[in-house]
Structures are given as structure tokens and as C-alpha cells.
Amino acid sequence: MHKGKIDKLIRDRGFGFIDDTDGRKVFFHQSSLVGTTFDALRGDEKVQFEVENSHKGPRAINLSLVAE
């Protein structure tokens, strides 16, 4: 599992970007969320996720919030 924090949310389009602890930006779509909803997300929240490669670059799947 990768870890990171939410960098940017594009609410009207249903996607956003994560700053991965590896130093890269990772795209995510609201359909990849597990245990929460897109509307409940806030910027800078810590998350964990798996990464798959897409034709546009890395994409987060099985994205969930990390309890602090």
C-alpha cells in the first residue's frame, strides 16, 4: 500500500490528485474510494491506496482514509 495526502480535489468533475510519499502526483477518481464518499473528502487528508498504471500515468485504486 502506498501512502500520501490529498493535494487537490476537482469537485465538479469527481476526481483529484494525491501527493504520494514517493514524491509523485497520483490521479484518483471518486469510483476508487473505499469506506468514504468523495463529498466527505478534504484537502491534506492522509490516505492509503494501491497504484495501477494507466495510459495517462499512475492512478490510485482502493483509496481509503488513514485514521490518525
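The values are calculated or read from the model by the stated rules, or taken from the named source; none is laboratory data. Keep in mind that what you see is a predicted model, and the values were worked out from it rather than measured. Cβ: placed from backbone, ideal geometry, glycine included. Neighbour counts: every protein chain shown.
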Subject >> Among residues of region 13-68, those that are over 12 Å from K3 (Cβ atoms), among the aliphatic types (A, V, I, L, M) and surrounded by 12 or more Cβ atoms within 10 Å (Cβ to Cβ), counted >> reply: 3
**OP:** Take the residues in region 23-41 that are in contact with a strand residue (DSSP E or B) (Cβ under 7 Å, 6 or more places away or on another chain) and charged (D, E, K, R), then tell me which one is modelled with the highest pLDDT.
**Re:** K25
Original post:
Got at least one residue in region 26-46 being in contact (Cβ under 8 Å) with a residue 40 or more places away in the chain and either more than 12 Å from the chain's Cα centre (by Cα) or in a strand (DSSP E or B) (or both)?
Top reply: yes
Original post:
Restricting the first residue to region 3-15 and requiring it to be in contact (Cβ under 8 Å) with a residue 40 or more places away in the chain, which pairs with a second residue that is part of a loop (DSSP other than H, G, I, E, B) meet a Cβ separation below 6 Å and a spacing of at least six or different chains?
Top reply: K3/T21; G4/T21; K5/D44; I6/G43; I6/E45
Original post:
In this structure, is N62 in a strand (DSSP E or B), of a type outside the set (G, A, S) and either at positive phi or in contact (Cβ under 8 Å) with a residue 60 or more places away in the chain (or both)?
Top reply: yes
